[in-house]
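Reviewing the structure listed below.
The values are calculated or read from the model by the stated rules, or taken from the named source; none is laboratory data. Quick caveat: nothing in here was measured; it's all calculated off a predicted structure. Here Cβ is always computed from backbone atoms with ideal geometry, including for glycine, and neighbour counts include all displayed protein chains.
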Amino acid sequence: MPDETRDETRDAQPSDDETIAIRRDEDFDHDAVLRYLHAHIPGIGAGPLDVRQFPSGRSNLTYLLRAGEWEGVLRRQPLGPVPPRAHDMVREATLLAKLSAVYPLAPRPYAIEEDPSLLGVPFYVMERRRGIVVDDRFPPGVTPTPALCTRLSELVVDTLAQLHAIDWRAAGLESFGHPDGFLERQVRGWIDRYQRARTMEIAAAEPVMRWLAEHVPPSPPATIIHNDFKLNNMLLDLGPEPRVTGILDWEMCTIGDPLFDLAVSLSYWIQADDPEQMRSGLSTVTTLPGFYTRRQFVERYAARTGRDISTPIMGFHMTFAYFKLAVIIQQIFARWSRGQTRDERFAIFGERVRLLIEHAHQLAESGADAAI
């Protein structure tokens with residue numbers, strides 16, 4: 001059973017496999033999960049179940065499971081109440097089962113459990129993909145030369161373009177999205193999520209939401225979209241020939257506007273000449289020499305896909321992407337404010353929300369050309 005006296009700071013540093021000891025209140029009954037694994041997945045090793053936690057996620061909870069020589073990854077929704085239709089682990093796993101057959105970078109699920117009786121919520125177990133996650137720093141032993149940073153930029157753009165090129169109908173993914181009216185629904189939905197998670201007044205919020213509702217552009221033909229595609233959701237092999245070994249966090253994947261997906265990626269892509277508040281609030285390695293600018297990112301994507309990236313269209317998408325990111329962070333901050341999570345990383349998220357909404361407001365007022 002979970003150890004209620006576990007010290008949340010014990011073993012706080014990632015081990016060699018980039019995991020930490022399970023955070024306080026986020027543990028579960030290891031013996032019950034091991035019995036479940038034996039009943040549903042062939043090849044589970046004998047002996048006790050070793051469980052570690054992946055620390056980087058700020059939304060769903062992800063754990064590394066080991067039993068003998070076998071390894072797998074368990075994903076479940078976060079603690080506390082969650083927005084309707086959010087954190088749907090059964091949908092995510094069912095989508096991955098189809099997507100992994102046509103897109104090798106998507107991990108393959110081993111077992112999907114809809115019954116909440118074991119963990120209190122549905123969950124799934126998938127294959128473990130190995131690779132390095134690059135977030136706000138490179139790992140020890142890796143020198144971020146300009147050549148490496150440029151190559152990583154190319155990999156991010158090309159991997160996104162490859163995802164958008166999948167024939168989602170042939171892959172049997174029609175039921176995982178409703179592309180007609182996609183952008184209008186997204187605008188309404190994210191505004192509604194913000195209103196329900198609101199914990200403070202931000203003057204720029206109302207004009208941004210009004211502007212988004214009034215400026216929805218037409219969409220190009222729909223593609224499968226990740227909806228949270230960013231550098232730190234990629235597993236990387238940083239050997240002599242850098243490559244991508246896996247893509248993580250498919251919870252929001254759907255069928256929709258590929259330029260929306262592009263803009264979401266760009267909203268995380270901070271560059272060296274961005275305002276200091278943006279660089280500190282969204283810390284990432286992409287400010288280092290050699291990484292693409294957002295303009296270079298967009299131009300390479302356009303060359304790979306042939307899609308229109310004109311300023312009016314991308315202006316809307318970038319404004320919306322920053323607002324969407326603000327809402328995601330606000331939902332996490334709301335859980336922390338209401339005591340539904342004790343993770344102190346989230347205490348500063350309120351100011352990040354304010355920063356992003358004010359930035360989105362500036363883009364809306366300026367025509368958004370500065371975003372890229």
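Just a few scattered comments:
Residues checked against (1) farther than 25 Å from Phe346 by Cα; (2) modelled with pLDDT of 95 or more; (3) surrounded by fewer than 17 Cβ atoms within 10 Å (Cβ to Cβ):
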position: Met1; (1), (2), (3): yes, no, yes
position: Glu8; (1), (2), (3): no, no, yes
position: Ser15; (1), (2), (3): no, no, yes
position: Phe54; (1), (2), (3): no, no, no
position: Pro81; (1), (2), (3): no, no, yes
position: Arg85; (1), (2), (3): no, no, yes
position: Ala93; (1), (2), (3): yes, yes, no
position: Leu96; (1), (2), (3): yes, yes, no
position: Pro109; (1), (2), (3): yes, yes, no
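- Qualifying residues in segment 261-311 (those that are among the β-branched types (Val, Ile, Thr) and under 28 Å from Arg345 (Cβ atoms)) - the one nearest to the chain's Cα centre (by Cα): Val264
- Selected residue (only one of Phe346, Phe333, Phe323 is under 13 Å from Ala204 (Cα atoms) and touching a residue at least 60 places away in the same chain (Cβ under 8 Å)): Phe323
- Lone qualifier among Arg352, Arg345 - being more than 25 Å from Leu160 (Cβ to Cβ), within 22 Å of the chain's Cα centre (by Cα) and among the basic types (Lys, Arg): Arg345
- Ala303 vs. criteria at pLDDT 95 or above and farther than 24 Å from Leu363 by Cβ: yes
- Residue count, segment 265-286 (criterion: at pLDDT below 95 and among the β-branched types (Val, Ile, Thr)): 2
- Options Leu155, Leu148, Leu163; residue that is touching an Asp or Glu at 6+ places or on another chain (Cβ under 9 Å), modelled with pLDDT of 95 or more and not acidic (Asp, Glu): Leu163
- When Phe297, Phe291, Phe316 are checked against the criterion of being in contact with a Pro (Cβ under 8 Å, 6 or more places away or on another chain), surrounded by 19 or more Cβ atoms within 10 Å (Cβ to Cβ) and farther than 22 Å from Ala197 by Cα, a single residue qualifies: Phe316.
- Where helices (runs of 4 or more DSSP H) fall entirely within segment 126-242, those with at least 3 residues that are within 24 Å of Thr62 (Cβ to Cβ) and not aromatic (Phe, Trp, Tyr) are at 146-164.
Every residue, every condition in (1) touching a residue at least 60 places away in the same chain (Cβ under 8 Å); (2) under 18 Å from the mean Cα position of the chain (by Cα), yes or no:
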position: Gln77; (1), (2): no, yes
position: Val90; (1), (2): no, yes
position: Ser100; (1), (2): no, yes
position: Tyr110; (1), (2): yes, no
position: Pro116; (1), (2): no, no
position: Arg128; (1), (2): yes, yes
position: Arg137; (1), (2): yes, yes
position: Ser153; (1), (2): yes, yes
